[in-house]
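Structure first, then comments.
No lab work stands behind these numbers, since they all come straight from the coordinates. Here the structure is a predicted model, which means the values were calculated and not measured. In this analysis, Cβ positions are derived from the backbone assuming ideal geometry, glycine residues included, and neighbour counts consider all displayed protein chains.
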Amino acid sequence: MDIEEVGGSLWVHLLNTRRIKDGKTIDVLEDLDRMSDWLTFYQIEMSADKEEQRKSLLILRDILIRLVDNFSTNAPLPELNEFLQSKPTYWNIDLQEGQLVRSMKAVNPAYNGLITIIQDFFDTIDTFDLQRVRQCAHGECILYFLDSSKGGRRRWCDMEKCGNKHKASKHYQKVKAKRGARDENQ
Ligand SMILES: [Zn+2]
């Protein structure tokens with residue numbers, strides 16, 4: 001099980017449950033075992049009804065991807081609000097090591113893991129410009145990341161994985177082009 005840790009925030013990790021590896025799309029939410037590993041990895045509460053949890057994560061992922069992709073033109077807010085309304089929540093207070101801690105819980109405990117991710121999304125929109133959630137510029141990478149760079153011009157999900165690969169292929173194309181030109185001259 002290889003889990004993509006690129007992203008920078010829990011809800012962005014949800015977007016990145018879909019990715020491309022060796023030219024093929026891998027989807028963590030495609031099967032329940034993979035989803036369970038993913039939930040465990042990020043310490044997200046697992047529901048007894050895994051299939052329902054999988055379905056709700058798929059819907060949320062789809063809405064959030066469209067929201068990020070069309071933020072300024074066609075954000076799917078009615079759908080997001082409808083989705084939120086269908087998962088009622090309440091505030092819960094716990095005592096942890098002598099401190100009162102508040103958290104949001106789902107009325108239907110099957111959605112507690114989902115609410116953790118939504119809460120993380122809320123934290124992001126409170127503190128971060130959503131237009132700086134970007135998709136990697138590499139042609140064969142669909143990962144999203146929070147661009148918290150100073151100039152706001154980060155292009156790669158990861159410099160090692162995609163930035164250097166891109167530079168290497170650009171270099172290769174240049175070498176090829178030069179070689180091609182040489183061959184034509186012969
Ligand atoms: Zn990438």
For Ser149, what is the net charge nearby, where nearby means another residue's Cβ is under 14 Å from its Cβ and Lys, Arg count +1, Asp, Glu -1?
+3
Test of understanding: in a Gaussian network model of the chain with alpha carbons linked when under 10 Å, which of Asp31, Asp22, Asp120 would top the mean-square fluctuation ranking?
Asp22
Fully extended contour minus Cα-Cα distance, from Asp123 to Asn70, at 0.36 nm per residue
17.1 nm
Calculate how steeply helix 112-127 sits against the longest principal axis of the alpha-carbon atoms of the chain, using the helix alpha-carbon long axis, and give the answer as 0 to 90 degrees to the nearest 10.
60
Positive-end residue of Pro109, Ile44, Leu67, charge dipole of the chain with Cβ unit charges:
Leu67
Pair Lys105, Asp33: separation of 7 Å Cα→Cβ label points (nm)
3.3
Measure nothing but the geometry: give the 0 to 90° angle between the long axis through the Cα atoms of 32-41 and the longest principal axis through the Cα atoms of the chain, rounded to 10°.
80
Students often get this wrong, so check it: of Lys55/Lys161; Lys50/Lys87; Lys24/Lys150; Lys21/Lys165, which have C-alpha atoms separated by over 23 Å?
Lys55/Lys161; Lys24/Lys150
Relative exposure of Tyr144, Tyr90, Tyr42, Tyr111, judged by other C-beta atoms within 10 Å (fewest first):
Tyr90, Tyr42, Tyr111, Tyr144
Nearest 10 degrees, 0 to 90: what angle lies between the long axis of helix 164-185 and the longest principal axis of the chain (Cα atoms)?
20
